[in-house]
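Novice: This is the structure I have questions about; it appears just below.
The values are calculated or read from the model by the stated rules, or taken from the named source; none is laboratory data. Since we're looking at a predicted model, the values are computed, not measured. Note: ideal-geometry Cβ built from the backbone for every residue, glycine included; neighbour counts use all protein chains shown. Ligands, DNA and RNA are excluded from the accessible area calculation, which covers all protein heavy atoms including side chains. Shrake-Rupley method; radii C 1.70, N 1.55, O 1.52, S 1.80 Å.
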Amino acid sequence: MTAIALEGLEKAYGTTPVVRGLTLEVREGELVTLLGPSGCGKTTTLRMIAGLEHPDAGVIRMGGEVVAGPGIRVPPERRGLGMVFQSYAVWPHRSVEANVAYPLALQGMPKAELASRVREALRWVRLEALASRMPHALSGGQLQRVALARALVAGPKVLLLDEPLSNLDAALREELRAEIAALRARLGTTMVFVTHDQGEALALSDRIAVMNLGVIEQLDAPERLYREPGTPFVASFVGGANVLTGEVEQGVFHCAGLPHAFVLPPGLHARNGSATLVVRPEDLELGAEGTELPLSARLFLGHAAEYRFPLGDTLLRAVGPVLDVRPGQTLRVRVRKARLFGAE
Amino acid sequence: MSASLSMLVEEGGALASTLGVSLGASGLAFVLGTPLAILLFRTDLALRGVFVALFTLPSAVPPFIWGMGWLSLASPRAGYLNRFFGEGTFDIYGAGGIAFVMGLSGLPLVLLAGAAALRRVDPALDEAARVCGATPLRALLTTTLPLALPSLLSGAVMVLLMTASAFGVPYLLGVSATPPTRVLTTRIYELVLLGGEGSLTRALVLSSALVLLAPVALLATWALGRAGRVRLSAGKGLSPRTLSLGRARGPLSLAVGAVCAGLVLLPLGAVALTSIQRSFGAELSWESLTFAHWTGVLLANRTLDAAGRSLVLSVGAGALVCALGLASAVLRRRFRRLGPAVEALAVWPYAIPGTVLALALLVAFSRDVRFILLDRVAFVLALAHTPWLLLLAYVVKHLALGARNSTEALAQVDVSLAEAARVSGAGPVRAFVDALLPLLRPALLAAFVLTFLVCVTEITMSVLLIPAGSEVLGTLLFELQSYADPASAAVLACALVVLVLLGQGALAGVRRRLPGERA
Ligand SMILES: Nc1ncnc2c1ncn2[C@@H]1O[C@H](COP(=O)(O)OP(=O)(O)OP(=O)(O)O)[C@@H](O)[C@H]1O
Ligand SMILES: [Mg+2]
């Protein structure tokens, strides 16, 4: 069953298009993540689902019913959603408890039941102790958790989360991530999750929609997205791959405008012509064979090290075992695995 | 057209007096305000908080009451100062006296403008001058002061505008001077009282001359604001280190205290003394003191009647100003394109002199003109010659207070607060009421109190618009002072000062709860 369907959504602010023909289906109980760089339109998309913005064109369906489209505009309060805002939007004139109780109070829930539901929601986000605090006496992470509790408390069928974990420390983030997953398993809530943290997206999502400049470049399960990126952008955004443009000629990739060339692994020999080469840092091998490049920096990562080589005006990044080398030294770099886009 | 010009030439004296008095008042406010602003806001002067409160008092108390105070002190024969120093030492009547009183009334405008600028001047600029080898005083005079100057000057321009539109003080100190000093506002008042076609036309010509001052002054403050803004640091919360006065601290504090006592406390004291004297001008002795005036004036039917009317009108004006101001702020936020139009409607009347505004309403609702287009509108007929016309005047004039307060408050609250309420299930109205209104309440309350206080003591428009036979507190004060006895007027003035002080206290309480002020 489709819970949310976005069909050809367009949205511009003034003359600047922000969302350009976005299509996406979210199944019931699924967690779909919108992942993309800052300003690519993630929040705008989420706001259109919530009914806080009206698309210029396109249709939004929820549970089979059209909620936004030509001539139809269901207001946010009648869409039965929960939402965590990027700016938290915790009401400063209400205590933590009163903030969380608000959606229930609007439903006219009896006092006793309301109180127990609020307590439960605060327990999910580990805020029981701060129930009567006012928001100005809370930290950023605590505010974020109030917003989360408020969005969850009424048990919405659809939960929209705009970077709900961005202000939490690593431990608390892990914990809440697990909590969100558990809640989803228990309540079967459909979730649309916005983040620009790829690790978070990979760990949490059923499917990830990678957005760029207002469109979805690829929509796939995390593993597949990582293994088989559909575009150079996806490859570089998810997994931080090196993206090089140039020409392929008989198994050798010549970088555009640069003297450097890389021998391609056997599987890619057959193709020729101008192309984009995408190589993950861990697929570059430093050793006795390969292209000679001067090392500009070595970053110690603990279990491994990152090596940086200037390549025109970009950097080539390789990750591998910690070697005893110094900046300025020349190393040999071999491409072990890569993807080619655009070559015949 | 040429007829209008020749009229203006005939009234050249009033025009010249207006310009002279206004320039004098703004000059005085600037010359007095600049060193005071630096001493109060940039040095370790003793009792700064008390001085700031006392020096800003003149803007809360209507200028007319300060005029009464100075009249008690320095009317040529009976004034307390002249009785002490010898008859005729001081004469508060005439252009000089008007400029003096208006300059002191406008002092807070210069002080507050200066305070805002001095607080925003980046302390690093001062420190850079210090590092270059300047003494603290030199750094202040060569760095901070020039940077704050545009703001101080724009405060002075506001004093100019305020003086040009003032009516009460020029009437009190000008009309019965020998020879009489007439400014545009008092001349317009005389012409309206005179009545008749010719006088009214002449009053309208003078009004156009007066109203031209507003855009000129606004343009000047705008230009000064631009000149000043560039070099001020945008950062908030930079609290510049105060300049230590060293050994001069004691003497300077005393001097400022003396100035404060002389300019602020003395005239108020004089009003209070006049209110308990058996008759103004009689020999000063314990036996001549009496509270008879107090009970006589405050419990008189005439006073209670006027107070009741003022209360209704001022509360009504305050409520309407808040409601319309809030509506205009919401409209501006919702439909950005309407912004300039709504802004103009709400803010421009504030810059138009009260006399001109009142005259315009008078003409618009008069029996002579209404037949042109308004004859069929029943409520227009109902408004003419009733106190409700005064309510309209109060609201139009002070709409800016409500609009500005609401706009600023609304700009500070995050829209997503209302959106969060929408997503939680509240309709648009409910979301506004639940999530935004509570945050706007302090600002609206402040606008209400401010409007109430200004209207309850308003004289300029009230004397022109109040129908014969009814009175409000402002016109009662005006009548008592001008035509009855100064002692009764002094009683009413004291009562109004107490009211204003209470109101200001409440306002300070409200302001502390404004969003931006908490940190
Ligand atoms: N009200 C608005 N008026 C004009 N432009 C806007 C408005 N809201 C957003 N934009 C622009 O639309 C683009 C997309 O904004 P959006 O908030 O959807 O980005 P985002 O993907 O959520 O980014 P981030 O990760 O930084 O939150 C941005 O370039 C932004 O500047
Ligand atoms: Mg965003």
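Novice: Using per-residue counts of other Cβ atoms within 10 Å, averaged over each peptide, order B:314-324, B:424-434 from highest down.
Specialist: B:314-324, B:424-434
Novice: Taking springs between alpha-carbon atoms closer than 10 angstrom, which of A:I72, A:I208, A:I60 fluctuates most in the Gaussian network model of chain A?
Specialist: A:I72
Novice: Using a 1.4 Å probe on the protein heavy atoms only, what accessible surface does B:R249 show? Give it in Å² to the nearest 10.
Specialist: 100
Novice: Based on a Kirkwood Rh over C-alpha pairs, give the Stokes-Einstein translational diffusion coefficient of chain A at 4 °C and viscosity 1.567 mPa s in µm²/s. Please report the intermediate quantities before stating the final value.
Specialist: Working: Rh = 22.6 Å.
It diffuses with D of about 57 µm²/s by this estimate.
Novice: Please state the shape class of the range B:292-519: rounded when a/c is under 1.5, otherwise prolate if a/b exceeds b/c and oblate if not, all from the C-alpha gyration tensor. Provide the component values of the computation, followed by the final result.
Specialist: Details: a/c = 2.65, a/b = 1.46, b/c = 1.81.
Taking the square roots of the gyration eigenvalues as a ≥ b ≥ c, the range B:292-519 is oblate.
Novice: So how do B:188-196, B:484-492, B:80-88 stack up, highest first, on mean other-Cβ count within 10 Å? Intermediate values should be presented prior to the final figure.
Specialist: Values: B:188-196: 16.7, B:484-492: 23.3, B:80-88: 13.6.
Ranked from most to least packed, the peptides come out as B:484-492, B:188-196, B:80-88.
Novice: Whole number please: convex hull volume per residue of the Cα set in the range B:162-212, in Å³? It would help to have the intermediate numbers written out before the result.
Specialist: On the way: hull volume 3.6 nm³, N = 51.
That works out to 71 Å³ per residue.
Novice: Sorted by mean Cβ packing within 10 Å, highest first, what order do the peptides A:84-90, B:67-73, B:8-14 take? Mind dumping the intermediate values first?
Specialist: Working: A:84-90: 23.4, B:67-73: 27.1, B:8-14: 14.6.
Packing order, densest peptide first, comes out as B:67-73, A:84-90, B:8-14.
Novice: A:A305: net charge of surrounding residues, Cβ under 14 Å, Lys/Arg +1, Asp/Glu -1, itself excluded? Present the calculation step by step, with values, prior to reporting the outcome.
Specialist: Details: positive: A:R298, A:R308, A:R317, A:R326; negative: A:E282, A:E285, A:E306, A:D324.
Charge balance in the 14 Å sphere: 0.
Novice: So, one more: Assigning unit charges at the beta carbon (Lys, Arg +1; Asp, Glu -1) and nothing else, what dipole magnitude in debye, to the nearest 20, does the protein assembly as shown show about its Cα centre? Walk me through the numbers on the way to the answer.
Specialist: Numbers: 75 positive and 62 negative charges, 156 e Å.
It comes to approximately 740 debye.
Novice: Rounded to whole Å, give me the distance from the Cα center of the range A:60-117 to that of the range A:275-306.
Specialist: The range A:60-117 and the range A:275-306 have Cα centres spaced 49 Å from each other.
Novice: Let me know the mean shielding of A:87-100 by other chains, meaning the per-residue number of their Cβ atoms within 10 Å of its Cβ. Don't jump to the answer; show the numbers that get you there.
Specialist: On the way: counts 6, 4, 10, 4, 11, 8, 8, 3, 0, 0, 0, 0, 2, 0.
That works out to 4 on average.
Novice: Related question: Mind checking B:410-417 for the average number of partner chain beta-carbons within 10 Å of each residue's beta-carbon? The partial results should precede the final answer.
Specialist: On the way: counts 0, 0, 0, 2, 7, 3, 11, 8.
Per residue, the number of nearby Cβ atoms from other chains is 4 on average.
Novice: Considering only DSSP beta bridges with both partners in chain A, what is the antiparallel share in %, to the nearest 5?
Specialist: On the way: 61 of 79 bridges.
Here the antiparallel bridges make up roughly 75 percent for chain A.
Novice: Can you give me the Cα centroid spacing of the range A:209-262 and the range B:324-342 in angstrom?
Specialist: The two parts, judged by their Cα centres, are 49 Å apart.
Novice: Could you report the range A:54-155's accessible area per residue, 1.4 Å probe, as an integer in Å²? Write down the numbers at each step before the final one.
Specialist: Details: 4480 Å² over 102 residues.
Solvent-accessible surface per residue comes out at 44 Å².
Novice: A further question follows. For the pair B:A53 and B:E343, what calculated FRET efficiency results from E = 1/(1 + (r/R0)^6), where r is the Cβ-Cβ distance and R0 = 35 Å, to the nearest 0.05? Present the calculation step by step, with values, prior to reporting the outcome.
Specialist: Numbers: r = 32 Å, r/R0 = 0.93.
E between B:E343 and B:A53, to the nearest 0.05, is 0.60.
Novice: Still on this structure, I have one more. All other residues with a Cβ under 12 Å from the Cβ of B:R302 taken together, and with Lys, Arg as +1 and Asp, Glu as -1, what is their net charge? Write out the running numbers ahead of the final one.
Specialist: Numbers: positive: B:R309; negative: B:D305, B:E471, B:E479.
Local charge sum for B:R302: -2.
Novice: With the full set of protein chains in place, find how many percent of the accessible area of chain B is carbon and sulfur; take the probe as 1.4 Å.
Specialist: Values: 16060 of 23780 Å².
Looking at chain B in its full context, I get 68 percent from C and S.
Novice: Same structure, new question: How well do other chains shield peptide B:434-446, expressed as the mean number of their Cβ atoms within 10 Å of each residue Cβ? Kindly include the intermediate steps, with their values, before the conclusion.
Specialist: Details: counts 6, 6, 2, 1, 4, 3, 0, 1, 0, 0, 0, 0, 0.
Averaged over the peptide's residues, the number is 2.
Novice: Sticking to Cα atoms, compute the Rg of chain B to one decimal and its Dmax as the biggest Cα-Cα distance, whole number, in Å.
Specialist: Over chain B's Cα set, Rg and Dmax evaluate to 24.4, 78 Å.
Novice: A further question on this structure: Just the C-alpha atoms of the range B:30-122: what Rg/Rh do they give, with Rh taken as the Kirkwood radius?
Specialist: Working: Rg = 15.7 Å, Rh = 14.6 Å.
Using Cα coordinates only, the ratio equals 1.08.
Novice: Tell me the net charge near A:R150. Cut-off is 11 Å between Cβ atoms, A:R150 excluded, with +1 for each Lys or Arg and -1 for each Asp or Glu.
Specialist: Working: positive: A:R94, A:R145; negative: A:E97.
Counting the neighbours of A:R150, the net charge comes to +1.
Novice: Taking a probe of 1.4 Å, how large is the accessible area per residue of the range A:241-341, in Å²? Can you show the working numbers first?
Specialist: On the way: 5360 Å² over 101 residues.
On a per-residue basis, 53 Å².
Novice: Over what distance in Å are the Cα centres of the range B:482-504 and the range B:133-196 separated?
Specialist: The distance from the Cα centre of the range B:482-504 to that of the range B:133-196 comes to 24 Å.
Novice: Need one number for the range B:431-519: average projected area of the convex hull over its C-alpha atoms, nm². Please list the in-between numbers first.
Specialist: Numbers: hull surface 32.2 nm².
Here the figure is 8.0 nm², rounded to one decimal.
Novice: Of B:T34, B:T295, which has the most accessible area with a 1.4 Å probe, and how do the rest follow in descending order?
Specialist: Values: B:T34 20, B:T295 85 Å².
From most accessible down to least: B:T295, B:T34.
Novice: Next question, about the same structure. May I ask for the Rg/Rh ratio of the protein assembly as shown, computed from Cα atoms with Rh as the Kirkwood radius, given to two decimals?
Specialist: On the way: Rg = 36.7 Å, Rh = 33.2 Å.
Radius of gyration relative to Kirkwood radius: 1.11.
Novice: Under 5 Å between amide H atoms, partner at least 5 residues away or on a different chain: which partners does B:F280 have, H built in plane at 1.01 Å?
Specialist: HN-HN under 5 Å from B:F280: B:A487.
Novice: On to the next question. With the other protein chains left in place, how much accessible area per residue, in square angstrom, belongs to the range B:292-519 at a 1.4 angstrom probe?
Specialist: Values: 10350 Å² over 228 residues.
Averaged over the residues of the range B:292-519, the accessible area is 45 Å².
Novice: Tell me what the protein assembly as shown gives for mean residue ellipticity at 222 nm when only DSSP H runs of n ≥ 4 count, each as -39,500 (n - 2.57), the sum divided by the residue total, rounded to 500 deg cm²/dmol.
Specialist: On the way: 34 runs with 457 residues, N = 863.
Helices in the protein assembly as shown give a 222 nm mean residue ellipticity of -17000 deg cm²/dmol.
Novice: Also: Rounded to the nearest 100 Å², what is the sum over both chains of accessible area buried where B meets A, with a probe of 1.4 Å?
Specialist: On the way: alone 24610 and 16260 Å², together 39220 Å².
The contact between A and B buries close to 1700 Å².
Novice: Please name the residues of the range A:106-123 whose accessible area, counted over protein heavy atoms with a 1.4 angstrom probe, falls by no less than 40 Å² between the chain alone and the full protein assembly.
Specialist: Hits at the 40 Å² cut-off: A:L106.
Novice: Within the accessible area of the range A:196-304, what % is carbon and sulfur when the probe is 1.4 Å and the other protein chains stay in place?
Specialist: On the way: 2710 of 5120 Å².
Here it works out to 53 percent.
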